[in-house]
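**Q** Following this message is one structure expressed as structure tokens.
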Amino acid sequence: MNFHVLTLFPDMIRDGFETSITGKAVEKGLLTLETVNIRDFSVNKHNRVDDYPYGGGAGMVMQAEPVCLAYESVASRLPKKPKVLYMSPQGRRFDQAMAQELAEEEELVLLCGHYEGIDERVLEEIVDEEVSIGDYVLTGGELAALVIMDAVSRMVGGVLHNEESAQFDSFHDNLLEYPQYSRPEVWRGKAVPPILLSGHHANVEKWRREQSLLRTRMRRPDLLEGAALTKQDRRFLRELDQSLSGKDEET
Ligand code: 4FV
């Protein structure tokens, strides 16, 4: 997976991405990161890349030409047109399924805006998809790009030491992950659930599945709609709901 980030703050992207797990994956050649400074493509003597919005209003808008030139400096070196994502609150909501979808791409261009946004004409020209990481407004698209790159990178083979762990993440098959514990067995008087010390793999797996179902039911019941539930899962959830409604009647 080759990431190409068009940004006014290349260091922010590099410092964030070239650390920890994604940094090691870059060292191993599993991922590559190219940052392109949009300001290098400024077309005026003041080195500016933004201007006042037509029609008035607060703030500044990033101009089309420097953004387009920055994009073309990348696309002209690639064998085929890369998928281009623009980080925007107006975009498709990013989630685990989208991370898995994007991980199939060989090349990914992420366009980071600043100020009030980018001239619509260049977005129409080069952007395949606007992507939002949430319903709030950031000062720039760089943090959104880092979130997306991180979640996508985890889906690329070899990036995670234990391939299996990506399969048991929260949101995998639409269920939240079970609780995790590590040494010591008792911490400040709180013991690890005994089932996890039993060495009985099947029972541990059953307990973990039930914990995922319980957490999802209590914290994100909306996810259950899209979950692939077995007969045992449905039986567990029915019994859970009965016990919960029984508790409601007592209160
Ligand atoms: C954002 C989000 C976001 C809006 C104006 C960058 C900022 C500035 N990106 N999910 N929420 N972007 O707030 O992706 O250009």
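The values are calculated or read from the model by the stated rules, or taken from the named source; none is laboratory data. The model shown is predicted, which means the values in this text are computed figures rather than measured ones. Using ideal geometry, Cβ is built from the backbone for each residue, glycine included, and neighbour counts are taken over all protein chains shown. Just so you know, the surface numbers come from the protein's heavy atoms only, side chains and all, with ligands and any DNA or RNA stripped out. Shrake-Rupley method; radii C 1.70, N 1.55, O 1.52, S 1.80 Å.
Residues checked against (1) without any contact (Cβ under 8 Å) to a residue 12 or more places away in the chain; (2) touching a helix residue (DSSP H, G or I) at 6+ places or on another chain (Cβ under 7 Å):
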position	(1), (2)
99	no, yes
109	no, yes
131	no, yes
136	no, no
149	no, yes
155	no, yes
158	no, no
183	yes, no
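**Q** So, one more: Could you please give the count of residues in the range 72-107 that are within 15 Å of the ligand (Cβ to nearest atom), surrounded by 12 or more Cβ atoms within 10 Å (Cβ to Cβ) and either of a type in the set (Asp, Glu) or outside any loop (DSSP other than H, G, I, E, B) (or both)?
**A** 12
**Q** Across the range 161-191, which residue is modelled with the lowest pLDDT among those that are open to solvent by 80 Å² or more (accessible area, probe 1.4 Å) and part of a helix (DSSP H, G or I)?
**A** Applying the filter and picking the extreme gives 164.
**Q** Within the set of pairs 6+ apart or on separate chains, which have a first residue in the range 117-129 that is away from the ligand (no atom under 15 Å from the Cβ), a second that is open to solvent by 80 Å² or more (accessible area, probe 1.4 Å) and assigned to a helix (DSSP H, G or I), and C-beta atoms under 9 Å apart?
**A** These pairs meet every condition: 126/72.
**Q** How many residues, within the range 160-181, are of a type in the set (Ser, Thr, Tyr) and in contact with a helix residue (DSSP H, G or I) (Cβ under 7 Å, 6 or more places away or on another chain)?
**A** The total comes to 2.
Yes/no per residue for (1) of a type outside the set (Gly, Ala, Ser); (2) crowded, with 16+ Cβ neighbours inside 10 Å; (3) touching a residue at least 60 places away in the same chain (Cβ under 8 Å):
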{"position": "28", "(1), (2), (3)": "yes, no, yes"}
{"position": "36", "(1), (2), (3)": "yes, yes, no"}
{"position": "43", "(1), (2), (3)": "yes, no, no"}
{"position": "53", "(1), (2), (3)": "yes, no, yes"}
{"position": "56", "(1), (2), (3)": "no, no, no"}
{"position": "59", "(1), (2), (3)": "no, no, no"}
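**Q** Oh, and also: May I ask you to verify whether residue 147 is in a loop (DSSP other than H, G, I, E, B) and of a type outside the set (Ser, Thr, Tyr)?
**A** no
**Q** Under 7 Å between Cβ atoms, which residue pairs at least 6 apart in sequence (or on different chains) link something in the range 215-234 that is over 14 Å from residue 173 (Cβ atoms) with a partner that is in a helix (DSSP H, G or I)?
**A** 217/224; 217/237; 217/240
**Q** Would you please name the residue that is surrounded by the fewest Cβ atoms within 10 Å (Cβ to Cβ), looking only at residues in the range 1-26 that are closer than 15 Å to residue 156 by Cβ and in contact (Cβ under 8 Å) with a residue 40 or more places away in the chain?
**A** 21
**Q** A further question on this structure: Would you tally the residues in the range 216-242 being open to solvent by less than 30 Å² (accessible area, probe 1.4 Å) and basic (Lys, Arg)?
**A** Adding up the residues that qualify gives 0.
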